[in-house]
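Q: What follows is a single structure, and I will ask about it in a moment.
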Amino acid sequence: MTTAPVLCGLGTWLPPRAVSNEDLTTELDTSDEWIRSRTGIGVRHIADPGTATSDLAVEAGRRALKSAGVEKVDAVVLATTTPDQPCPATAPLVAAQLGLGQVPAFDVGAVCTGFLYATTAASGLIALGSARTVLVIGSDVYSRILDPTDRSTRVIFGDGAGAVVLRAGEPDEPGALGRAQLGSDGTGADLVSIRSGGSREPLRAENAAEADPYFRMNGKSVFRNAVERMADTSRAVAQEAGWAVDDIDHLVAHQANLRILRAVADRLKLPHERCPVHLDRVGNTAAASLPLALADAVESGRLRPGDRTVLTAFGGGLTWGACALRWPEIHPY
Ligand code: ACO
């Protein structure tokens, strides 16, 4: 029998400080009405100064291990756009802090699609026999890379982390991940980017005046791309699972914008209720968005064992992807 990666644990962590739309109006020219009507977001959680991506990742990872009922895994894969520092990767630090020993640990950079890319990399380790169990974490502290004066991004993003444990199992058991559909289009790299601080334009004292160290997004162009890509890859993975689109019980999509979630559902002719919404309480949490939305859907009683579930995401790169599974019996922490 072929080995399949099976989801067997789920954990999440949000920094405790909640920032409402009203709170943001004291610093930015915006309003609760604009933010709610254009994005669906009401509140986001923001990490306190000194709290880094690894701190959130360790909390979510610990909870995912508890949920899976394991203390050790064979590898750690961390999706993030906001590593603790440019070098080294954040995953080895997280593995060490979780007491996981000298297991392979590496970061994956695919912006808001990072969690799906990381899950697929972990699935590859399992398929190769390099690992029997893998901890996959999505963790981001976007508040650290946003321009404090940019209302178009400040209102959207929140900080957070989510993690799953994958184990080697069988393709027909609940939790088995189907083959992911992933894609990228680097011709759209400028649509979601941080210009300065990399090898092309390093940040130096002498170029500080012209540098732009902040995250920038062309929201309008990204919007259209996000809807098409998430809908099309979701349809493809459903088909591969042997499901009609209408068989999908839950389309758990990257929580970027409520209007995007609705548009993806409309393109697939799925009722809006089948696309769980979590962004109203956390904003766009980038690589953490999918596991956070999954945990919320389970905790609210909507996502139940056996449900036909499709995960899909879109992000900078541009990158996108989807993956299908029957939801397993797990208790998130
Ligand atoms: N408050 C009030 N007004 C605002 C705000 C704000 N917070 N932000 C922007 N505006 C203004 C703009 O200045 C503009 O004013 P103008 O017409 O006078 O120029 C107007 O509102 C409309 O701005 P748009 O950018 O056109 O607004 P839009 O309806 O497109 O919404 C948004 C912007 C929310 C960013 C939307 O485009 C979006 O969600 N895009 C997709 C984001 C996404 O999916 N990203 C990919 C994943 S994220 C990642 O990979 C990191």
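Q: Which of the following residues is more than 20 Å from the chain's Cα centre (by Cα) and either small (Gly, Ala, Ser) or within 30 Å of THR25 (Cβ to Cβ) (or both): SER184, SER196, SER143?
A: The match here is SER196.
Q: I would also like to ask the following. Condition (residue is in contact with a Gly (Cβ under 7 Å, 6 or more places away or on another chain), touching a residue at least 12 places away in the same chain (Cβ under 8 Å), within 16 Å of the ligand (Cβ to nearest atom) and open to solvent by less than 70 Å² (accessible area, probe 1.4 Å)) applied to the range 58-75: is it met by at least one residue?
A: no
Q: Could you tell me whether GLU273 is more than 16 Å from the ligand (Cβ to nearest atom) and closer than 20 Å to SER139 by Cβ? Before the answer, list the steps.
A: Details: more than 16 Å from the ligand (Cβ to nearest atom): yes; closer than 20 Å to SER139 by Cβ: no.
In short, no.
Q: If you check VAL282 against the conditions, is it away from the ligand (no atom under 16 Å from the Cβ), touching a helix residue (DSSP H, G or I) at 6+ places or on another chain (Cβ under 8 Å), at pLDDT 95 or above and not charged (D, E, K, R)?
A: No, not satisfied.
Q: For the range 216-250, give me each residue that is open to solvent by 40 Å² or more (accessible area, probe 1.4 Å) and in contact with a Phe, Trp or Tyr (Cβ under 7 Å, 6 or more places away or on another chain).
A: Correct list: ARG229 only.
Q: Name the pairs: first residue in the range 205-234 and in contact (Cβ under 8 Å) with a residue 60 or more places away in the chain and hydroxyl-bearing (Ser, Thr, Tyr), second residue more than 16 Å from the ligand (Cβ to nearest atom) and not in a helix (DSSP H, G or I), Cβ to Cβ under 6 Å, at least 6 apart or on different chains?
A: Correct list of pairs: THR233/GLN181; SER234/VAL310.
Q: When you scan the range 24-44, do you find a residue that is closer than 16 Å to VAL76 by Cβ and open to solvent by less than 20 Å² (accessible area, probe 1.4 Å), even just one?
A: No, because not a single residue in the range 24-44 is closer than 16 Å to VAL76 by Cβ and open to solvent by less than 20 Å² (accessible area, probe 1.4 Å).
Q: Identify the residue in the range 8-23 that is open to solvent by 60 Å² or more (accessible area, probe 1.4 Å) and of a type outside the set (Lys, Arg) and, among all such residues, is farthest from the ligand (Cβ to nearest atom). Give the steps one after another, and end with the answer.
A: Looking only at the range 8-23, we keep the residues that are open to solvent by 60 Å² or more (accessible area, probe 1.4 Å), and these are 13, 16-17, 22-23.
Next, from what is left, pick out any that are of a type outside the set (Lys, Arg): 13, 16, 22-23.
Working: TRP13: 20, PRO16: 23, GLU22: 13, ASP23: 13 Å.
My answer is PRO16.
Q: From the set of residues in the range 312-328 that are more than 15 Å from the ligand (Cβ to nearest atom) and part of a strand (DSSP E or B), which is most open to solvent (accessible area, probe 1.4 Å)?
A: Applying the filter and picking the extreme gives ARG326.
Q: Could you check the range 166-193 and list, in sequence order, the residues that are under 21 Å from GLN255 (Cα atoms) and among the β-branched types (Val, Ile, Thr)?
A: VAL192
Q: Assess whether ILE156 counts as being within 13 Å of the ligand (Cβ to nearest atom), touching a residue at least 40 places away in the same chain (Cβ under 8 Å) and within 18 Å of the chain's Cα centre (by Cα).
A: It is true that ILE156 is within 13 Å of the ligand (Cβ to nearest atom), touching a residue at least 40 places away in the same chain (Cβ under 8 Å) and within 18 Å of the chain's Cα centre (by Cα).
Q: Just to be sure I understand the filter: pairs with C-beta atoms under 8 Å, separated by 6 or more residues or on different chains, first member in the range 250-266 and within 11 Å of the ligand (Cβ to nearest atom), second member at pLDDT 95 or above and among the charged types (D, E, K, R). Which pairs pass?
A: ASN257/ARG38; LEU258/ASP280; ARG259/ARG38
Q: Please list, ordered by first then second residue, the pairs with beta carbon atoms under 6 Å, 6 or more apart or interchain, first in the range 7-27 and under 17 Å from ILE41 (Cα atoms), second of a type in the set (Lys, Arg).
A: As it stands, the answer is VAL19/ARG44, since those pairs meet every condition given.
Q: Out of the range 295-310, which residues are open to solvent by 10 Å² or more (accessible area, probe 1.4 Å) and outside any loop (DSSP other than H, G, I, E, B)? Step through it out loud before you land on a result.
A: In the first step, residues of the range 295-310 are kept if they are open to solvent by 10 Å² or more (accessible area, probe 1.4 Å); the result is 296, 298-302, 304-308.
ASP296, VAL298, GLU299, ARG308, listed by residue number.
The values are calculated or read from the model by the stated rules, or taken from the named source; none is laboratory data. The structure presented is a predicted model; accordingly, all values stated were derived computationally and were not measured. As a convention, Cβ positions derive from the backbone with ideal geometry for all residues, glycine included, and neighbour counts pool all protein chains shown. Calculation scope for accessible area: heavy atoms of the full protein, side chains included, ligands and nucleic acids excluded. Shrake-Rupley method; radii C 1.70, N 1.55, O 1.52, S 1.80 Å.
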